[in-house]
Amino acid sequence: MVAARRIVVLTGAGISAESGIQTFRASDGLWENHRIEDVATPEGFAANPIAVHQFYNDRRRLLLSDTIRPNPAHTALARLEHSIVDLPEHEFLLVTQNIDNLHERAGSRALVHMHGELLKMRCEQSGLSFDLREDLTLDTCCRCCRVPGNLRPDVVWFGEIPLAMSRITKALENCDLFIAIGTSGSVYPAAGFFELAREHGAHTVELNLDNTNATFDEHICGPASEVVPAYVERLLSCAS
Ligand code: NAD
């Protein structure tokens with residue numbers, strides 16, 4: 001264990017699995033029984049926008065249902081942030097690949113959604129994003145250009161550039177502890193974050209059900225709802 005002052009945490013679909021949201025690759029490379037090419041690429045959207053809207057509408061309805069709540073792993077990361085953020089010379093950034101809102105519902109604030117957000121839509125003309133809780137369809141009227149058909153889910157699809165990369169890169173180059181939680185390490189650029197952090201001197205830790213292929217300094221295996229709170233307690237005992 002290290003007494004860390006500048007922490008970057010990267011989360012993936014695995015942290016939300018115990019909240020009831022399926023991971024990506026759990027079922028043979030399919031996402032909720034859909035091919036990635038069909039529902040998570042600009043080409044898939046151009047070929048069949050109705051089906052893509054329906055896919056994200058279904059995910060959004062599930063996210064907004066009473067059954068989906070943050071689990072103890074989300075809550076522990078919020079506790080970590082709030083415990084260290086006001087300490088002198090401490091910095092914290094939570095980078096999530098998830099498009100759900102469970103981190104913010106748990107209380108995280110120093111948070112970057114590098115792959116966008118399910119509860120937002122984006123105008124393809126202006127690039128502006130707007131909050132969204134209802135279904136999005138080809139008939140939904142854009143709030144900026146006032147015409148239907150210009151809107152898409154505000155998520156980053158394969159082949160597109162993730163959000164906030166310069167802020168993330170700066171934090172990775174400056175951190176002394178990098179923690180990856182519930183991510184398979186198969187989606188770039190996030191899969192390369194641990195190498196960048198390590199090149200700049202950080203201790204690297206993976207918390208996952210299984211070891212991924214990446215070589216972290218530490219691997220902690222187990223369900224996120226158990227191993228993340230335990231790891232956060234260990235970190236906080238070192239910080240105090
Ligand atoms: P992934 O599905 O490729 O990998 C999930 C990882 O989590 C696996 O390594 C698995 O072993 C691990 N895992 C599963 N259950 C776990 C648990 N209970 N505790 C700890 N670890 C567990 O996920 P990824 O690496 O995030 O890449 C998938 C992409 O799909 C992301 O870019 C994301 O945008 C998108 N996605 C998001 C959500 C979401 O918002 N919740 C859900 C599915 C997919």
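The values are calculated or read from the model by the stated rules, or taken from the named source; none is laboratory data. In this text the structure is predicted, and so the values were computed from the model without any measurement. Note that each Cβ is placed from the backbone with ideal geometry, even for glycine, and that neighbours are counted across all protein chains shown. Keep in mind that these areas ignore ligands, DNA and RNA; they rest on the heavy atoms of the full protein, side chains included. Shrake-Rupley method; radii C 1.70, N 1.55, O 1.52, S 1.80 Å.
Surface exposure of the chain, expressed per residue as accessible area with a 1.4 Å probe, stands at 48 Å².
Using the rule -39500 (n - 2.57) for each DSSP H run of four or more residues, divided by the residues of the chain, the 222 nm mean residue ellipticity is -9500 deg cm²/dmol. The relative contact order of segment 1-160, computed from alpha carbon pairs under 8 Å that lie at least 6 residues apart in sequence, is 23 percent. Note on segment 148-197 and segment 97-136: Cα centroid distance 14 Å, given to the nearest whole angstrom. A crude spin-label estimate for the pair Leu64 and Ser83, with each label 7 Å from Cα along the Cβ direction, gives 3.5 nm. Of the chymotrypsin sites (Phe, Trp or Tyr not before Pro) in segment 151-200, the ones in a loop by DSSP (not H, G, I, E or B) with at most 14 other beta carbons within 10 Å are Phe158.
For the chain, the carbon plus sulfur part of the accessible surface works out to 51%, probe radius 1.4 Å.
Rounded to the nearest 5, the antiparallel percentage of DSSP beta bridges internal to the chain is 30%. Placing one equal scatterer on every Cα of the chain and applying the Debye formula, the log10 ratio I(q)/I(0) at q = 0.09 Å⁻¹ is -0.39. Within the assembled protein chains, the solvent-accessible surface assigned to Thr23 is about 40 Å², based on a 1.4 Å probe. When you filter the GluC sites (Glu not before Pro) in segment 30-112 for DSSP loop state and at most 15 other Cβ atoms inside 10 Å of their Cβ, you are left with Glu32, Glu89. Taking amide H as placed 1.01 Å from N in the peptide plane, the amide H of Glu91 sits under 5 Å from that of Arg6, Ile7, each at least 5 places away or on another chain.
Rounded to the nearest 10 square angstrom, Leu87 shows an accessible area of 60 square angstrom against a 1.4 Å probe.
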